[in-house]
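In what follows, a structure is listed as structure tokens, so that the remarks can point back to it.
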Amino acid sequence: MKRQRILLLGGSGYLGAQIDSCLRASQEHEVVATCFSGMIQPGWTRVNVKDAETFAALVSAASPDVLIWALRGNDGADAQELIEIGMRVLLAHIPKQAKLIYLSTDGVFGNKPGPFTEEEEWELLDERNPLAGYCLAKIMGEQMVREQHDHHLILRFGPIYGKNVQGIWDKRTKALVSELQEGRGVVRTQNLYKSFVHVEDLGSAVAELVTSSHKGTLHLGPEEKASYYTFCRSMAKDFGYDPELVHGEILSAEKARELGIPLDTSLDTSKGRAWVKTEFRGLSGQEK
């Protein structure tokens, strides 16, 4: 197999670092990963994607066989600016034959109840939801990629959890543990479900898809959903805390609308295609 040149945008991020590690572990690729701030690692290069001239020069010089967009943004406005500037530059300079892998989110379905197929039409998330700006940016990116680069793969997935290769935990788990360490109970929603995906599984899946023949859109995640309540109880137990410290609450449809939260009470996952077929994983990384 031909050794491929891979340009990973956002290699210093929580998920990006995991993807970078998986790609380099195989030793089958020539990998260049980017970072915006922080300490430079071997094989990384610093770049500001919103600096159009510098970014254009990087993409042209790299002339990648595969380009992975793992950029997230600091907030909704920053995420949109990354798309408006960075994606425009990228699509103008990426080789036509190169494979573009764009990491998106299940948030592109807005307030729809789900479950979702890959062909499901996107919907804007309610503007009252704090993730509305970020999800809008992902929708913008998906549209640009589909319209301007034929050889693409758009990957959608739910909340990511677990410790990545750099020893960094997801914000949701860190917040939970912080509360439990203080001996405080926490309340999590029992009737709001998500397809939580482990960072190791997701990193491995993206790395594997680099050499796959898949094109278009894929949904990545476990075969079954879990509520925030169930997820946090499992994590509390794995950290050695009493899961009874995690209390459940039922979110009313009225309150969900008020907060701009898509309330999905369906446990039917038959419509969605789960490419990563793993069970719920705890701290040890073992399937459960």
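The values are calculated or read from the model by the stated rules, or taken from the named source; none is laboratory data. Owing to the predicted nature of the structure, the values given are computational and were not obtained by experimental measurement. Every residue, glycine as well, gets a Cβ built from its backbone with ideal geometry; the counts of neighbours run over all protein chains shown. The area values use the complete protein model at the heavy-atom level, side chains included, leaving out ligands, DNA and RNA. Shrake-Rupley method; radii C 1.70, N 1.55, O 1.52, S 1.80 Å.
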Residue under evaluation Gln4, criteria (1) surrounded by fewer than 15 Cβ atoms within 10 Å (Cβ to Cβ); (2) touching a strand residue (DSSP E or B) at 6+ places or on another chain (Cβ under 6 Å); (3) of a type in the set (S, T, N, Q), criterion not met: (1)
Looking only at region 48-71, which residues are more than 20 Å from Asp150 (Cβ to Cβ), among the charged types (D, E, K, R) and outside any helix (DSSP H, G or I)? Lys50, Asp51
Exactly one condition in (1) touching a residue at least 60 places away in the same chain (Cβ under 8 Å); (2) open to solvent by 40 Å² or more (accessible area, probe 1.4 Å) is false for Trp122; which is it? (1)
Residue check: is Ser234 of a type in the set (Ser, Thr, Tyr), out of contact with any Pro (no Cβ under 7 Å at 6 or more places or on another chain), over 22 Å from Gly11 (Cα atoms) and open to solvent by less than 20 Å² (accessible area, probe 1.4 Å)? no
If we ask which residues in region 7-50 are over 18 Å from the mean Cα position of the chain (by Cα), of a type in the set (Ser, Thr, Tyr) and open to solvent by less than 60 Å² (accessible area, probe 1.4 Å), their number turns out to be 2
How do the helices (runs of 4 or more DSSP H) wholly within region 110-217 filter down when requiring 3 or more residues that are within 22 Å of Val31 (Cβ to Cβ): which remain? 199-209
Which listed residue, of Ala92, Ala61, Ala77, is open to solvent by 40 Å² or more (accessible area, probe 1.4 Å), free of Cβ contacts under 8 Å to residues at least 12 places away in the same chain and of a type in the set (A, V, I, L, M, F, W, C): Ala61
Any idea which of Gly221, Gly185, Gly248 is over 28 Å from Glu118 (Cα atoms) and in contact with a strand residue (DSSP E or B) (Cβ under 6 Å, 6 or more places away or on another chain)? Gly185
Restricting attention to region 117-142, which residues are within 26 Å of Ile94 (Cβ to Cβ) and within 17 Å of the chain's Cα centre (by Cα)? Glu118, Trp122, Gly133, Tyr134, Cys135, Leu136, Ala137, Lys138, Ile139, Met140, Gly141, Glu142
Ser104 vs. criteria more than 23 Å from Ile160 (Cα to Cα), touching a residue at least 40 places away in the same chain (Cβ under 8 Å) and polar (S, T, N, Q): no
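Name the residue, out of Ser195, Ser227, Ser270, Ser284, that is modelled with pLDDT of 85 or more and open to solvent by 30 Å² or more (accessible area, probe 1.4 Å).
Numbers: Ser227 fails: open to solvent by 30 Å² or more (accessible area, probe 1.4 Å); Ser270 fails: modelled with pLDDT of 85 or more; Ser284 fails: modelled with pLDDT of 85 or more.
Sole residue among the options that is modelled with pLDDT of 85 or more and open to solvent by 30 Å² or more (accessible area, probe 1.4 Å): Ser195.
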Those residues that are open to solvent by 20 Å² or more (accessible area, probe 1.4 Å) and out of contact with any Leu (no Cβ under 7 Å at 6 or more places or on another chain), I need them from region 80-89; list them, please. Glu81, Glu84, Ile85, Arg88
Test for Glu120: is it at pLDDT below 95 and more than 19 Å from Ala256 (Cβ to Cβ): yes
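Can we say Trp69 is crowded, with 18+ Cβ neighbours inside 10 Å and at pLDDT below 95? So that I can check it myself, show each step before the final result.
Values: crowded, with 18+ Cβ neighbours inside 10 Å: yes; at pLDDT below 95: no.
Taking the combined requirement at face value, the residue does not satisfy it.
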